[in-house]
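A.B. asks: Sharing a structure, written as structure tokens. Questions coming.
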Amino acid sequence: MYLIKRLFLILFAVFFQLFFSQKSYSRYYYMRANYESLQENDSTAISWIQKYIALAKAEKNYGQMLQGYRDAIFYSPSNNHKLIYADSAINAARSSENADLITTAYIEKGVIYYYHYKQYQLALNEYLIAYEYSKKTDSKFLKFQNLYHIGVVKSYLGYYEEAASIFKECIAYYESRIKENIHPNEIYNNKKGYLNSLHQLIVCYRNSGQYTAADWEIQKGLKEVGDNSDFIQEKGYFILCKGISEFQKKNYQSSIAYLKKSLSTLKAAGDFAWLSVNYFYTGKSFLKLHNDQLSILQFKKIDSVFQKHQFILPEVRENYELLINHYKSDGNQERQLYYTNQLLKADSILARDFTYLSSRIHKEYDTKTLLDEKNKLQNANFWSVFIILSLILMSIVLFILLRIKLKKGKDIQKRYLILEDKLLRQQNKSTEKNNKKLSEIIIRGSVEKRIGPDESIVEELLIKLKSFEDKKGFIKRGLTINKLANQLGTNSNYLSHVINEYKGVNFNKYLSDLRINYITVLLFDNKEYLKYGIESLAKECGIASRQNFSDLFYEINGIRPTDFIKKRRQELDKVDFSN
């Protein structure tokens, strides 16, 4: 990820030419020429870089000093040394009192924590400091570079909608810059920013279930990188996303092929986080192909990465649940206990990161951004009080939301089990219900009714209503009581009376119950319907509005259709795994 690692290396040489003498620039330029063609992490460059830094110190040229330390970070093979050079870069930048240099230095250190260690808490600390200094600079490039990293943290926290919005802003900025008449080095760096923002947007779409949008961006990304050797790593990320997309489409062999193709790039980059994602979907693909041996091998690789780096992405947390279930079915209590402990450890790390990061990013980024915007509009005391109260309210709401988030999963699972039990009981009673004599229904209704049509009319209407239900006539869209009455050869008053007396509900409730029960059974019995979107499911059962469908589904079943579909998929996956 060159945006993260070598961003500005060439650009800075051009940038500083504008601010320093031609003589000084030439000396630094020729010194850098001795090593800038070397590969990343090539330590043979360090001796040249030390001379470069020594010259900058002697001349008190803080800009070139920062460039030297940034080069040292890039070429040093040791992550610990990278951090030492990053601290030196910050000292040099602060000595310059130049907001551009200071912002750059803090972003650089944050990138080391994020990319090489995946320590989001420490990375965010640096990004937030950079954010404060970026307010004093006119460099949009720096502001969007920092904004990109804020978006990465939001995505990690699961704030996919907010993160996607940020990445769209970054894409729009970088794309516009690429089209401008600027230096080739600037075009290169902006193209890097564009491709990495595009990749992160795909991640947000995937994790929020927007698979069609993700596929569209994947194709765009692959087309943009083509066979350009400057963008090999970015291409690897797009191929990885393509492999995951193929898995979502149940093209498991194709998924494995794409994932394997991206593997060498991820290994070369040392990106253990996305390597884990690669192993996870490779393992799940093998699992779907009933190759348990290869799937478990992939899942164990994720545990090895977790043991070494003490980091796991929320996207691959399910890995431990699959391992636990596997060894539970094998009766291997020792391995089951081990992976249970690993899952608890992973959850502890994720919970710790979530609490810290969400608090800081809201308090020191979201809130401060809000304050800045408000201060531009009005600095009166009224707004100061309003903002303080808003912050207090936000803190309370955030605390409540954190608690709700933990309980929501259990609540959805409980509602799903209740509905599942209801559906299973309906299946068991379906034969008895279908054999119930119509005369019994008529007699029961006759005792309760006072005024209405003759018994012969009632019986005829009930027979027609049963036929209407059996033939699924209720799935026709735009059905009204007048239309149904004409269809059954009666009037709306008689029909309304019979439905109220013998079905126990009004016409609208009667129709809604039939439609929702119909689609619920289809979702439960036929996994093909689990692939449908909410709008398609609504049309399938005759409901015009997706929102109306979702509300009725919740009202009748006690669970949202999206939650029901997700739980049903998980249950079927567990069944497939155990088989």
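The values are calculated or read from the model by the stated rules, or taken from the named source; none is laboratory data. Since we're looking at a predicted model, the values are computed, not measured. Ideal geometry is used to build each Cβ from the backbone, glycine not excepted, and the neighbour counts take in all protein chains shown.
A.B. asks: If the Cβ limit is 8 Å and pairs must be 6+ apart or interchain, which residue in the stretch 550-572 that is of a type in the set (Gly, Ala, Ser) pairs with which residue that is part of a loop (DSSP other than H, G, I, E, B)?
C.D. replies: Partner pairs satisfying both residue conditions: Ser550/Arg560.
A.B. asks: To continue, here is another question. Listed residues Asn185, Asn196, Asn125; which is assigned to a helix (DSSP H, G or I) and crowded, with 23+ Cβ neighbours inside 10 Å? Outline the logic, then answer.
C.D. replies: On the way: Asn185 fails: crowded, with 23+ Cβ neighbours inside 10 Å; Asn125 fails: crowded, with 23+ Cβ neighbours inside 10 Å.
Residue meeting the stated conditions: Asn196.
A.B. asks: Could I ask something else about it? Hey, can you tell me all the residues within the stretch 499-530 that are without any contact (Cβ under 8 Å) to a residue 24 or more places away in the chain and of a type in the set (Val, Ile, Thr)?
C.D. replies: If the condition is that a residue be without any contact (Cβ under 8 Å) to a residue 24 or more places away in the chain and of a type in the set (Val, Ile, Thr), then Val505 is the only one that fits.
A.B. asks: Report those helices (runs of 4 or more DSSP H) wholly inside the stretch 1-105 carrying at least 3 residues which are at pLDDT 90 or above, closer than 30 Å to Leu266 by Cα and not β-branched (Val, Ile, Thr).
C.D. replies: On the way: elements: 2-5, 9-17, 22-32, 46-58, 62-75, 79-96.
Here the list reads 62-75, 79-96.
A.B. asks: Does at least one position in the stretch 152-168 carry a residue that is more than 21 Å from Gly209 (Cβ to Cβ) and free of Cβ contacts under 8 Å to residues at least 24 places away in the same chain?
C.D. replies: No, that holds for no residue.
A.B. asks: I would also like to ask the following. Could you list all residues from the stretch 535-561 that are part of a helix (DSSP H, G or I) and either basic (Lys, Arg) or surrounded by fewer than 16 Cβ atoms within 10 Å (Cβ to Cβ) (or both)?
C.D. replies: First, pick out the residues of the stretch 535-561 that are part of a helix (DSSP H, G or I): 535-540, 546-557, 561.
Selection gives Glu535, Ser536, Lys539, Arg546, Gln547, Asn548, Asp551, Glu555.
A.B. asks: Being at pLDDT below 55, farther than 23 Å from Pro561 by Cα, assigned by TED's automatic domain parsing to the domain that holds Leu572 and not in a helix (DSSP H, G or I) is the requirement here; does Ile441 meet it?
C.D. replies: no
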